[in-house]
1. Could you tell me how many of the residues in the range 205-223 are surrounded by 21 or more Cβ atoms within 10 Å (Cβ to Cβ) and at pLDDT 95 or above?
2. Quick check on the range 94-101. Is at least one of its residues open to solvent by less than 20 Å² (accessible area, probe 1.4 Å) and polar (S, T, N, Q)?
3. Could you check, for the range 69-77, whether at least one of its residues is within 13 Å of ligand 1 (Cβ to nearest atom) and either open to solvent by less than 10 Å² (accessible area, probe 1.4 Å) or touching a residue at least 12 places away in the same chain (Cβ under 8 Å) (or both)?
4. Under the condition of being surrounded by fewer than 14 Cβ atoms within 10 Å (Cβ to Cβ) and of a type in the set (Lys, Arg), which residue from the range 141-195 is nearest to ligand 1 (Cβ to nearest atom)?
5. Against the condition out of contact with any helix residue (DSSP H, G or I) (no Cβ under 9 Å at 6 or more places or on another chain), among the polar types (S, T, N, Q) and within 12 Å of ligand 2 (Cβ to nearest atom), how does SER89 come out, does it pass?
6. Does the range 229-243 contain any residue that is buried (at least 17 other Cβ atoms within 10 Å of the Cβ), under 20 Å from ARG123 (Cα atoms) and among the charged types (D, E, K, R)?
7. Are any residues in the range 95-116 among the hydroxyl-bearing types (Ser, Thr, Tyr) and either within 12 Å of the chain's Cα centre (by Cα) or within 23 Å of PRO136 (Cα to Cα) (or both), and if so, which ones?
8. Scanning the range 111-130 for residues that are among the small types (Gly, Ala, Ser) and within 11 Å of ligand 1 (Cβ to nearest atom), which turns out nearest to ARG84 (Cα to Cα)?
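The values are calculated or read from the model by the stated rules, or taken from the named source; none is laboratory data. Just so it is clear, the model here is predicted, and its values are computed rather than measured. Note that each Cβ is placed from the backbone with ideal geometry, even for glycine, and that neighbours are counted across all protein chains shown. Accessible surface areas use protein heavy atoms only, side chains included; no ligands, DNA or RNA. Shrake-Rupley method; radii C 1.70, N 1.55, O 1.52, S 1.80 Å.
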Amino acid sequence: MNEHTRPLTLSERADELEEQMMQALNERIITKSVLFRMADGRVEIDNGQALLAANPGKHFLMGADPRLPEMPEKPTLIDFFKARFASTSHMLQSATHALKGGHSEKIVLACLLHDIGVASFIRCDHGYWGAQMLEPYVEEEVSWAVRMHQALRFFPDPSVGYEYPQMYVKFFGADYKPEPYIVAEYERARNHKWYMSTRLITLNDIYSFDPDAKVDLSDFVDIIGRNFKQPKEGLGFDNSPSAHMWRTLMWPTRFL
Ligand SMILES: [Fe+2]
Ligand SMILES: [Fe+2]
């Protein structure tokens, strides 16, 4: 079989794709934000002038990164689920659990979205980041519950059968103690009229992730439609207080 008729092997196809990507990248200089570098233990920023000098005739990327899945012009929450959330199974499992438990659509939505901060953006304080992204688009109770689950996860409530997750003992060690700001936040949540909404997020949070669970975003499209105020301009372009966060997710390597 000659080279032109045989199908490409997987690794040849991967090489070809990489080659196509490099050609696309060749047209623009792609840089990393300081935060991305800090994750590698370095507080550094690219020197723009030096990069320009090293890439004569080229310009910095100021839009979509060709290495990432394409986003439509007016992206919806569903588009972000599909193209920007690195893992959705855990959130879908939690929402499925809440749905089966007969909870309100508000609670199901809160469970579905409770970890978007960590799924798309950043681990540290993910409840706060996620709540901020959602605030303009959901009822206040939903974003409040997402914010507060950050603290509540660490505190048991025997009255509803919530125990400190065993997974956290494995993750953080038996001697881990939440920081004072988390304790204070928990105390505020404990005395709040919406306490049970955020508690339900932690109760439906599936701590033993099942990689084989059958979950499907399409089960939640109607609930999203009724409870998430999708802006007609697309997330990122509606001039809301968190529009910039959605744009940054869409274009994480834009130079400025
Ligand atoms: Fe979480
Ligand atoms: Fe979670």
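1. Of the residues in the range 205-223, the ones surrounded by 21 or more Cβ atoms within 10 Å (Cβ to Cβ) are 205, 220.
With the extra rule that they be at pLDDT 95 or above, the set shrinks to 220.
Final tally of qualifying residues: 1.
2. So the first thing to find is which residues in the range 94-101 are open to solvent by less than 20 Å² (accessible area, probe 1.4 Å), and the list is 94-95, 98.
From the residues that got through so far, the ones that are polar (S, T, N, Q) too are 94.
Among the residues of the range 94-101, at least one is open to solvent by less than 20 Å² (accessible area, probe 1.4 Å) and polar (S, T, N, Q), which makes the answer yes.
3. Taking the range 69-77 first, the residues within 13 Å of ligand 1 (Cβ to nearest atom) are none.
The answer is no; no qualifying residue exists.
4. LYS170
5. Details: out of contact with any helix residue (DSSP H, G or I) (no Cβ under 9 Å at 6 or more places or on another chain): yes; among the polar types (S, T, N, Q): yes; within 12 Å of ligand 2 (Cβ to nearest atom): yes.
For SER89, the condition - out of contact with any helix residue (DSSP H, G or I) (no Cβ under 9 Å at 6 or more places or on another chain), among the polar types (S, T, N, Q) and within 12 Å of ligand 2 (Cβ to nearest atom) - is met.
6. no
7. Narrowing the range 95-116 to residues among the hydroxyl-bearing types (Ser, Thr, Tyr): 96, 104.
Selection gives SER104 alone.
8. Our first condition is that a residue be among the small types (Gly, Ala, Ser); within the range 111-130, this holds for 117, 119-120, 127, 130.
Okay, now just the ones that are also within 11 Å of ligand 1 (Cβ to nearest atom), so 117, 119, 127, 130.
Working: GLY117: 11, ALA119: 8, GLY127: 17, GLY130: 14 Å.
Ranking the candidates gives ALA119 first.
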